[in-house]
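Data block below; observations after.
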Number of protein chains: 2
Amino acid sequence: MTDHAAAGWLKVVGLGPGTEDWLTPEASRDLAGATDLIGYKPYVDRVPPGPQERHASDNRVELDRARHALSLAAAGRRVAVVSGGDPGIFAMAAAVFEALDDPAAPAEWHRVPLSVDPGISAMQAAAARAGAPLGHDFCAISLSDNLKPWEVVLKRLRLAAEADFVIALYNPISRARPWQLGAAFDALRDIRTPETPVILAQAVGRPDEALTVTSLGAVDPAQADMRTLALIGASHTRLVPRVGAQPWVYTPRSYKG
Amino acid sequence: MTDHAAAGWLKVVGLGPGTEDWLTPEASRDLAGATDLIGYKPYVDRVPPGPQERHASDNRVELDRARHALSLAAAGRRVAVVSGGDPGIFAMAAAVFEALDDPAAPAEWHRVPLSVDPGISAMQAAAARAGAPLGHDFCAISLSDNLKPWEVVLKRLRLAAEADFVIALYNPISRARPWQLGAAFDALRDIRTPETPVILAQAVGRPDEALTVTSLGAVDPAQADMRTLALIGASHTRLVPRVGAQPWVYTPRSYKG
């Protein structure tokens, strides 16, 4: 190992959901200290201009991106892999460890100083705007069936509804997965009442953010897009009317059973 | 409503898990702009010295604290209710909305400009230090049975294990609740294998932080305390050996079922 290689590091940096208001000081410092930024192009573009070399890619090559980052860091570069939200939640951190866990991974990758900077995840931003829907036990499920069988998603939705968790749905819809969100709502309707509060939070933290408070009986999956996070309440999730705005949604800490 | 009252606001501010590295710019700004800080004493003490009036209380009076905050804000004060981690996750935000939702709540409380500043929650800090254990579907359960029957906790643990979620356990243990964490591990052992990775993350983000990577078969509840967050892996959660350190723990994005 040369001195040059010893100076390299890899940090998986969470940018939060969009606004710099939610970018942690740790993440800001690590982005500024990096020589290279690697990530999905819209995330790389969110990092303020600087001298860093930018390696932007599309959003379907996480593992390639992780390998590239490890190689650069092993060669002595200071690499920030950028991720929206929290890189540890349905994002880039797992991909980096998957790349490292490959038996074919070069030995020098294992010597790279590696760390993860957590960030505000989409469900937290959505919850903050809506009130406090995550105030009681909850779960987070990715609706993407690219990486797991749809039967697994359905089984988890049913068990989550039976457990009476508040449910956060990530990756609810895309051009390649147009029907899954509707199917998920249908599965939940078998167990939860039509009055169950549902929040569709779109692009929270971005200039065009939008929040829809509706119900399991009334929600239309067509109201969601790729940038939407869906939250489905528990049986005791409640609404508080607001003058001139959609109601607050919160889940009391106390649960009678 | 007087102009004085109109100037008041209430913000529920997440301080994150301890270090200022994880305090968002939004939270910093709102703490600096507040005239009054309200919260559990150790959290109030974490706010840098300033001219704000400090109202510190113990940790069992959330609803009183919420009512006090709403009253002060309705009287024109700029009130920050401070909370560790994310106030929306097992913390103060739900208590504020519970206070507001009380039919006896004064009408002026409903006119208070109210917002929530999300923060990094304990499970995210723990996950970042451990690797990427929350990389796949997960749930978060509070083990406190002060606010829900223990049977509900047990049922949720069993359903979560059956759903093969990664499980984050908040409030695992306290002087008043010494046996619940052991009972929770026992319940999970009925469904998950002894090799299932378990992480005990203590005081992450504080100078005395400590991380223990163990397994469901080997974990000893006595290793946990009030400041511990426990993470239990899914069936496909994996370890990656590290030279001179405990192994990384990550949950691959892909799930074969």
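So here's what we get for this one:
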| quantity | calculated |
| --- | --- |
| Distances in nm from B:A56 to the matching label points in the other copies, shortest first (labels 7 Å along Cα to Cβ) | 4.8 |
| Residue-averaged 222 nm ellipticity for chain A, from DSSP H runs of 4+ at -39500 (n - 2.57), nearest 500 | -8000 deg cm²/dmol |
| Net dipole in debye of chain B [+1 Lys, Arg Cβ; -1 Asp, Glu Cβ; about Cα centre; nearest 20] | 420 debye |
| Modelled FRET efficiency - R0 60 Å, B:D101 with A:A56, Cβ distances, 0.05 increments | 0.85 |
| Label geometry 7 Å along the beta-carbon vector: B:G217 inter-copy distances in nm | 5.1 |
| At least 40 Å² accessible surface lost relative to isolated chain, residues of segment A:216-257 (1.4 Å probe) | A:V240, A:W248, A:Y250, A:R253, A:Y255 |
| Rounded to 5, the percent of DSSP beta bridges in the protein assembly as shown classed as antiparallel | 45 percent |
| Cα centre as origin, Lys/Arg/Asp/Glu Cβ charges: segment B:35-101 dipole, Debye | 200 debye |
| Per residue accessible area in Å² of segment B:123-250, where ligands, DNA and RNA are left out and the probe is 1.4 Å | 37 Å² |
| Segment B:1-131 - percent relative contact order, Cα under 8 Å, separation 6 or more | 38 percent |
| Accessible surface buried upon A-B contact (total; probe 1.4 Å; Å², nearest 100) | 5800 Å² |
| Average Cα contact separation per residue, chain B, under 8 Å, 6 or more apart, as relative contact order % | 19 percent |
| Longest to shortest principal axis, alpha-carbon extents of the protein assembly as shown, angstrom | 68, 49, 48 |
| Viscosity 0.890 mPa s, 25 °C: Kirkwood-radius Stokes-Einstein D of segment B:69-199 over Cα pairs, µm²/s | 143 µm²/s |
| Label geometry 7 Å along the beta-carbon vector: A:A104 inter-copy distances in nm | 6.9 |
| Segment A:54-130, Rg to Rh (Cα coordinates; Rh as Kirkwood inverse mean 1/r) | 1.03 |
| Spin-label zone in segment A:128-156 - amide nitrogen under 13 Å from a point set 7 Å from the Cα of B:K256 along the C-beta vector | A:149 |
| Kirkwood hydrodynamic radius of segment A:1-112, Cα pairs, Å | 13.9 Å |
| Sites A:E162 and A:E108, calculated FRET efficiency, Cβ-Cβ separation with R0 60 Å, nearest 0.05 | 0.80 |
| Selection from B:L15, B:A73, A:G88 lying farthest towards where the dipole of the protein assembly as shown points positive, charges on Cβ | A:G88 |
| Magnitude of the charge dipole, the protein assembly as shown, Cβ model with Lys/Arg +1 and Asp/Glu -1, debye to 20 | 240 debye |
| Axis proximity, chain B to A: residue whose C-beta lies nearest, plus whole-Å distance | B:C139, 2 |
| Whole-angstrom gap from segment A:78-109 to segment A:172-214, using each part's C-alpha centre | 29 Å |
| When each of A:K41/A:K148; A:K148/B:K11; A:K11/A:K148; A:K148/B:K155 is checked by Cα-Cα distance, pairs over 32 Å | A:K148/B:K11 |
| Carbon + sulfur, % of accessible area of the protein assembly as shown - ligands and nucleic acids excluded, 1.4 Å | 53 percent |
| All-pairs alpha carbon distance profile, segment A:123-250, 10 Å steps from 0, percent | 13, 49, 33, 5, 0 |
| Kyte-Doolittle at least -0.5, axis length at least 15 Å by Cα - qualifying DSSP helices, chain A | A:62-74, A:150-162 |
| Accessible surface, per residue, of segment B:3-120 when the full set of protein chains is kept, probe 1.4 Å, Å² | 38 Å² |
| Farthest positive-ward along the protein assembly as shown dipole, Cα basis, beta-carbon charges - from A:P207, B:Y40, B:A132 | B:A132 |
| Stokes-Einstein D in µm²/s, Kirkwood radius over Cα pairs - chain B at 10 °C with 1.306 mPa s viscosity | 81 µm²/s |
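The values are calculated or read from the model by the stated rules, or taken from the named source; none is laboratory data. Note that this is a predicted model, so its numbers are computed, not measured. All Cβ positions, glycine included, derive from the backbone under ideal geometry; neighbour counts span all protein chains shown. Please note that ligands, DNA and RNA were not included when accessible areas were found on the heavy atoms of the full protein model with its side chains. Shrake-Rupley method; radii C 1.70, N 1.55, O 1.52, S 1.80 Å.
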